[in-house]
Structures are given as C-alpha cells and as structure tokens.
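Here the structure is laid out as structure tokens; the discussion comes afterwards.
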Amino acid sequence: MTFHVQGFLLGLSSGGACLSMCAPVLFPYLLGEGNGVGRNAAIAGQFLFGRLAGYLCFAVIAWAINATLAGLSAYRDLIMGCTYLPLAVLMILYGLGRIKTQCAAERTASRFAGLKRDRRLLFVVVLGLLTGLNFCPPFLMAIAGAADTGSLAGSLLFFAAFFAGTSIYFIPAPFIGLLRGGAVMSTVGKMAAGVTGLYYAYAGIIHLVEGVYFQ
Amino acid sequence: MSTDANPAAPAAAPSSPLRTVLLALPMLLLTFFFLSGGKVLHEPKVLAAFIITYAFVNVLFILMIHTGKTDRYRAIFFITYAVMFSVSFISHMIEARGAMTVSDDEALAGRVPFCHIVTTMVLIPAALSKTIIFWGSMTKTYASIASMLIIWIGASLALGRGWCSWACFFGGWDDGFSRLRRKAVIRNIPVKWSYLSFAVLIAVALISAAVMEPVYCSWVCPFKAVSEYSPVTDVKTAVQAGIFITLFGGLAIILPVLTRRRMQCSLLCPFGAMQSFTNYISPYEVRIDPAQCRKCKLCIRDCPTFSLDEKSLEGGGARFTCVKCGKCVDSCPRGAAYFHIKGTPLHRNAKIYRMLFLYSAVLFMAVFGGGTVQNAVLRLINLATTGRI
C-alpha cells in the first residue's frame with residue numbers, strides 16, 4: 001500500500017478523535033461568529049488550512065530529526081505547552097472580544113475587537129495551526145507512519161493524506177450555522193471560547209512546567 | 001386572552017382544613033409506602049428516622065396546599081435535603097473508604113458514585129466511542145451510572161429543569177445562602193451573565209470528549225467541597241482543591257448572599273444549562289397572565305435564576321431556564337404568575353394545574369430525596385445516642 005493511501009486510511013480511521021480534539025476550539029468560534037452555513041464552511045476551510053500547515057510542519061520536523069517517534073515524544077510536553085498557551089491567549093481574547101455587556105472589561109475588550117477585525121482570516125488560520133500542532137493519539141500514529149516513509153517528500157505526502165482523511169469528519173461543522181439564536185448564540189459561543197481558553201491556559205502551563213522540569 | 005376576572009389568584013389562596021386533608025391524603029399514602037420501602041420498621045432508631053422524615057415531607061406538603069405558597073415550603077425541604085445529603089454522603093464515604101477523599105485505587109476500581117452533573121460530559125463520548133468517561137460502575141455500586149441516568153431521564157420528562165429546584169442535592173446550598181439577606185446588595189445583574197452556564201456546558205462537553213475525562217468534575221465542580229475530592233498529595237491536587245473551595249465560597253455562598261440569586265446554578269452549572277432544554281418536553285411551565293400583570297417586576301426581582309425579564313413577561317411566560325421553584329408564583333401580588341400544563345387552556349384552572357405539578361414535584365422530591373434525608377437523620381440519631389455517626 002502506498003504512503004498516501006496509508007495516511008488517508010489512518011486519517012479516516014482516527015478522524016473522530018481529531019474532530020473531538022479540534023471541536024473545543026472550532027465550535028465556540030463558529031458559534032461566536034454567528035454566521036450561516038456558507039460562511040461557516042469558509043471559516044472551517046481556513047481553520048483546516050491552518051491545521052494542514054501544522055501537520056506539514058510536523059512532517060518536516062519528523063523528517064529533520066531523523067524521523068524517530070521517540071525523538072519527538074521527548075519534547076511532547078514542551079511542544080504542547082508552547083502551542084496551548086498561545087491558543088489559550090487567542091481564545092480568551094476572542095471571548096473578551098465583542099461581548100456587549102456593561103462591565104469593567106468593556107474598554108479593554110473593545111481594543112482587542114479592533115485587532116481581531118483586522119486580522120480575522122489570520123486568526124482562524126492560527127487557531128487551526130495551533131490545534132494542528134498537537135500530540136493527540138491519532139497524530140502520534142501519523143508521526144510513526146510518516147517516519148516509515150524515510151524521506152521528506154514521503155513524510156509530507158503521508159501527512160497531507162492523513163489530513164485529507166481526518167478532514168472528512170469536519171464536514172458537519174459548518175451546519176452549526178443552522179442553529180437559531182442570533183446574538184444570544186453568538187454571546188454563548190464567545191463565552192465558551194473564553195472558558196475553553198482558560199482550560200488551555202491551565203493545560204499549557206502544566207505541560208510547560210512538566211516539559212522544563214520533569215523532562 | 002384572559003377569561004376570568006382574576007383566574008390565577010385562587011391558586012395562591014389558602015384552602016380550608018378539610019379540603020387540605022382530602023387533597024393531601026394520596027400524598028400521605030404514597031410517601032408512607034415509598035419512605036418505608038413497603039416494610040414494617042421494627043428497629044426504634046430506623047422507625048424514628050422514618051417518622052421524622054415522613055412528618056417533615058408531609059407537613060410541608062400540607063402547608064403548601066393550605067397556605068397556597070409553593071416556594072416558601074419547597075425551600076425548607078430543598079435546603080435541608082442539600083445539608084442532609086452532605087451528612088449522609090460524607091459519612092457513607094467515610095464508612096466505605098475511611099475518608100472523604102477518593103483515591104486513585106477507588107477510581108480505577110470504578111467505585112466513584114455518579115452524580116447527575118456528569119451527564120453533561122458523558123453523553124458525547126458515549127455516543128461517539130461507546131465509552132462512559134467516568135470512574136463509576138454501570139450497575140453495581142452506590143449511585144451507579146445506570147440508576148442515575150434512569151432517574152435523570154424520568155425527572156426530565158416529568159419536571160424538566162424543575163430538577164434544579166426539587167431534586168438536585170447540591171442546589172439547596174446556594175438556594176439557602178441566597179435567602180440569608182432580605183435585600184440584595186448587588187442588583188441589576190445583566191441577564192447575559194446567565195448565558196455563561198451554557199458556555200460552560202459547551203466547553204466542558206467538548207473538552208471532556210477531547211481529553212476523555214470529565215473535566216468539570218476534575219477541575220471545576222464547587223460541590224466537591226461538600227461531597228468528595230481527590231486527596232491533596234501534590235501541586236495539581238492542591239490547585240484542584242483550591243479551585244473547588246474558592247468556587248464554592250464564591251458562587252454558592254458569597255454571591256448568592258449578595259445578590260439573593262442562585263449564582264452557581266445560574267452562572268456555572270452545566271447540568272442546569274442542559275436541563276433547561278428539557279423544559280421543552282416537560283408538561284409543566286410557569287406562565288404570566290398579561291391581563292393581570294401590572295408590571296411591578298417583583299417576579300423579575302425575586303427570580304433566583306434570571307428566568308424572568310421584561311421581554312419574557314410580555315411573552316406571557318418564564319424563559320426556558322425556569323427552575324419551577326414557584327418563587328414568582330408566591331411573590332406576585334395579583335396572582336398573574338401561575339403553574340400551567342402545556343396544551344391546556346391558559347389563564348384558568350390554575351389551582352388544578354398547581355396541584356398536579358405539586359403532586360409530581362413533591363412526590364419525586366420525597367422519593368428521590370426522602371431516602372437520603374432519612375439516612376442522614378438516622379446517622380444524626382446515632383451520633384446523638386452513641387457518639388458514632
């Protein structure tokens with residue numbers, strides 16, 4: 001079986017787990033934006049593009065460090081800490097972004113809202129990239145599979161095929177736009193992004209501390 | 001369209017003693033059967049615990065009928081139930097494990113009692129991977145997963161989010177503290193804050209499915225402080241214990257006292273948020289008769305869960321987050337707020353609707369919570385007579 005078929009089948013068999021890893025980031029964002037199905041599909045596409053970039057980064061790293069799973073796993077906590085913390089910051093900023101409540105944080109929040117409006121596309125891509133750089137179980141299997149290819153091109157092809165297989169599970173995501181609720185759903189989505197951000201902040205700190213001190 | 005001059009008001013009006021006894025009779029018989037377990041109780045302490053619990057439940061029910069007030073007497077049981085649950089649960093855990101803490105060995109053996117709040121986190125992983133992400137047993141232990149899920153489904157069908165005012169063994173804590181002050185110190189809280197519990201629901205449900213662990217139980221639940229928690233052995237468990245205690249202190253004690261609202265239930269509890277959706281399938285609801293309503297906003301001020309606002313008053317009913325506690329029904333001076341059964345005519349027969357709701361709610365509360373109260377009373381009698389709980 002060729003590498004890309006292997007990668008695709010691996011992605012197909014473990015895509016549910018990939019979706020569950022990405023859902024806490026993608027779904028609150030889609031809810032928070034409050035768009036219809038079409039616009040959500042575009043956002044999901046941007047998110048997936050970022051995720052693909054993350055996968056390809058790993059493909060290069062896997063090849064560059066001599067393609068050993070153990071070699072990458074040694075840095076697992078550090079890498080996860082370094083990806084979770086910026087992800088947490090982005091999610092929290094997004095959560096604060098445009099909440100229209102009378103609260104002490106409003107002035108600060110409106111400052112970040114301007115920042116987000118200007119860089120919305122980049123924001124989603126970065127969210128995808130940071131969730132793509134993740135040591136979830138399917139991803140570890142993909143690293144092992146990519147390592148078997150033995151070449152940079154093979155590694156890239158394997159991860160691209162793996163990405164294609166997992167992406168099928170994201171097809172229902174844009175349909176979150178069918179939920180009715182307008183501004184209320186949008187506020188709930190933003191708050192959920194903030195709560196998720198707090199979790200990633202905690203997880204990032206724990207991973208970083210363990211990566212630095214307990215390696 | 002209103003059809004009577006003041007149709008809902010009689011629901012809150014006192015009943016005559018004879019009528020009260022007749023209306024209470026079926027409840028007296030049903031609770032006798034359920035609380036005794038259909039057995040003849042010979043042991044004096046067990047008998048005493050039964051009599052105290054039986055009398056407690058039924059006196060409150062009779063007062064509900066006789067005075068026409070719902071929340072006033074519901075709250076007495078609900079708050080007592082929460083305290084008694086902690087007494088019963090903690091002493092049961094100490095008896096079974098020797099400590100209030102749950103060790104890794106206990107968790108690995110699947111001997112952690114299942115609580116209804118976990119339902120919010122187990123459904124997605126169960127649907128996707130046929131895995132229950134909880135350290136409990138399906139059928140074999142105290143508060144097993146299957147038994148709690150069945151009770152939850154039954155309660156949801158019957159009461160909807162009424163669970164949160166009539167059955168939840170934690171809700172009584174912030175309900176109790178929210179009643180300590182006569183006037184709120186913090187008022188005019190934007191209703192948008194009540195969306196936070198839905199955000200917490202989305203976040204914990206998705207994160208739990210991602211990490212295959214009930215993260216709310218591990219990291220957030222304030223009621224760990226009055227039930228069970230991991231022993232503090234390292235930095236991680238110390239942080240967890242700190243979070244539980246801080247959230248319990250903040251959301252179940254301080255904020256309820258300052259706001260006179262159930263802040264934990266309104267702002268944080270993911271189960272409450274999920275349970276709101278079951279209000280769509282429950283037959284009971286709280287309605288407002290626009291013809292009787294004089295927009296005094298007493299109900300909005302008194303609602304403990306932000307379930308009433310001006311918009312919902314105009315719409316003629318409480319929001320879907322209503323916990324059916326009856327506080328608005330009690331506080332409305334014109335009887336404009338009333339319990340209603342979906343599919344029946346509006347603004348009439350309020351007394352019958354209320355009685356049917358009370359029978360469902362009080363009976364569920366007595367059957368589900370009565371056993372716990374009875375057990376706690378027995379333990380307290382043991383403590384008083386033998387010095388051992």
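The values are calculated or read from the model by the stated rules, or taken from the named source; none is laboratory data. Note that this is a predicted model, so its numbers are computed, not measured. Using ideal geometry, Cβ is built from the backbone for each residue, glycine included, and neighbour counts are taken over all protein chains shown.
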Which pairs do you get when a residue that is at pLDDT 90 or above, found in the range A:79-92, comes within reach of a residue that is among the hydroxyl-bearing types (Ser, Thr, Tyr) and surrounded by fewer than 21 Cβ atoms within 10 Å (Cβ to Cβ), reach meaning Cβ atoms under 9 angstrom, with the pair 6+ apart or on two chains? A:TYR84/A:TYR202; A:ALA88/A:TYR202
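Can you tell me which of B:VAL215, B:VAL204, B:VAL191 is under 17 Å from B:ARG262 (Cβ atoms), among the β-branched types (Val, Ile, Thr) and either within 13 Å of chain A (Cβ to nearest Cβ) or surrounded by 15 or more Cβ atoms within 10 Å (Cβ to Cβ) (or both)?
Result: B:VAL191 is the single residue among B:VAL215, B:VAL204, B:VAL191 that is under 17 Å from B:ARG262 (Cβ atoms), among the β-branched types (Val, Ile, Thr) and either within 13 Å of chain A (Cβ to nearest Cβ) or surrounded by 15 or more Cβ atoms within 10 Å (Cβ to Cβ) (or both).
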Residue check, A:PRO137 within 14 Å of chain B (Cβ to nearest Cβ), more than 29 Å from A:ASN35 (Cα to Cα), surrounded by fewer than 19 Cβ atoms within 10 Å (Cβ to Cβ) and out of contact with any Leu (no Cβ under 6 Å at 6 or more places or on another chain): yes
Which of the residues belonging to the range A:1-22 are free of Cβ contacts under 8 Å to residues at least 12 places away in the same chain and in a helix (DSSP H, G or I)? A:SER20
Could you tell me whether any residue of the range B:65-78 is hydrophobic (A, V, I, L, M, F, W, C), in a helix (DSSP H, G or I) and over 26 Å from B:PHE223 (Cα atoms)? yes
Subset of the range A:165-175 [within 15 Å of the chain's Cα centre (by Cα) and under 14 Å from A:ARG51 (Cα atoms)]: A:THR166, A:SER167, A:TYR169, A:PHE170
Qualifying residue in the range B:278-287 (condition: buried (at least 24 other Cβ atoms within 10 Å of the Cβ), farther than 17 Å from B:GLY315 by Cα, modelled with pLDDT of 95 or more and touching a helix residue (DSSP H, G or I) at 6+ places or on another chain (Cβ under 6 Å)): no
Determine whether the range B:110-119 contains at least one residue that is assigned to a helix (DSSP H, G or I), polar (S, T, N, Q), within 20 Å of B:LEU206 (Cβ to Cβ) and out of contact with any Pro (no Cβ under 6 Å at 6 or more places or on another chain). yes
Can you go through B:ILE132, B:ILE151 and tell me which one is at pLDDT 90 or above and either surrounded by 17 or more Cβ atoms within 10 Å (Cβ to Cβ) or among the basic types (Lys, Arg) (or both)? B:ILE151
From B:LEU346, B:LEU363, grab the single residue that is at pLDDT below 95 and not hydroxyl-bearing (Ser, Thr, Tyr). B:LEU346
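May I ask you to verify whether A:PHE112 is assigned to a helix (DSSP H, G or I) and modelled with pLDDT of 85 or more?
no
For (1) closer than 30 Å to B:HIS92 by Cα; (2) of a type in the set (A, V, I, L, M); (3) out of contact with any Leu (no Cβ under 8 Å at 6 or more places or on another chain), each residue gets a yes or a no:
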| site | (1), (2), (3) |
| --- | --- |
| B:ILE341 | no, yes, no |
| B:HIS347 | no, no, yes |
| B:ARG354 | no, no, yes |
| B:SER360 | yes, no, no |
| B:LEU363 | yes, yes, no |
| B:GLY370 | yes, no, no |
| B:ALA376 | yes, yes, yes |
| B:THR385 | yes, no, yes |
| B:ILE389 | yes, yes, no |
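Okay, residues lined up against (1) among the β-branched types (Val, Ile, Thr); (2) without any contact (Cβ under 8 Å) to a residue 24 or more places away in the chain; (3) not in a helix (DSSP H, G or I):
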{"residue": "B:LEU196", "(1), (2), (3)": "no, no, no"}
{"residue": "B:VAL200", "(1), (2), (3)": "yes, no, no"}
{"residue": "B:ALA205", "(1), (2), (3)": "no, no, no"}
{"residue": "B:TRP219", "(1), (2), (3)": "no, no, no"}
{"residue": "B:LYS236", "(1), (2), (3)": "no, yes, no"}
{"residue": "B:PHE248", "(1), (2), (3)": "no, no, no"}
{"residue": "B:LEU258", "(1), (2), (3)": "no, no, no"}
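Residue by residue, here is whether (1) modelled with pLDDT of 95 or more; (2) within 26 Å of B:SER194 (Cα to Cα); (3) away from chain B (no Cβ under 11 Å) holds:
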position	(1), (2), (3)
A:ILE171	no, no, yes
A:PHE175	no, yes, yes
A:GLY181	no, yes, no
A:VAL184	no, yes, no
A:LEU198	no, yes, no
A:ALA203	no, no, no
A:GLU210	no, no, no
Does the range B:141-157 contain any residue that is of a type in the set (A, V, I, L, M, F, W, C), away from chain A (no Cβ under 14 Å), without any contact (Cβ under 8 Å) to a residue 40 or more places away in the chain and assigned to a loop (DSSP other than H, G, I, E, B)? yes
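I'd like the residue in the range B:303-328 that is in a helix (DSSP H, G or I) and at pLDDT below 95 and, out of all such residues, is surrounded by the fewest Cβ atoms within 10 Å (Cβ to Cβ).
Of everything passing the filter in the range B:303-328, B:LYS311 is surrounded by the fewest Cβ atoms within 10 Å (Cβ to Cβ).
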Checklist (1) free of Cβ contacts under 8 Å to residues at least 60 places away in the same chain; (2) within 11 Å of chain A (Cβ to nearest Cβ); (3) not hydroxyl-bearing (Ser, Thr, Tyr) applied to B:ALA126, failing item: (2)
Please specify each residue of the range B:224-241 satisfying the condition of being within 13 Å of chain A (Cβ to nearest Cβ) and among the β-branched types (Val, Ile, Thr). B:VAL235, B:THR237, B:VAL239
Restricting to the range A:1-52, give me the number of residues that are of a type outside the set (D, E, K, R) and away from every other protein chain (no Cβ under 14 Å). 28
Does at least one position in the range B:335-346 carry a residue that is within 20 Å of B:SER15 (Cβ to Cβ), out of contact with any Pro (no Cβ under 6 Å at 6 or more places or on another chain) and either surrounded by fewer than 22 Cβ atoms within 10 Å (Cβ to Cβ) or of a type in the set (A, V, I, L, M) (or both)? yes
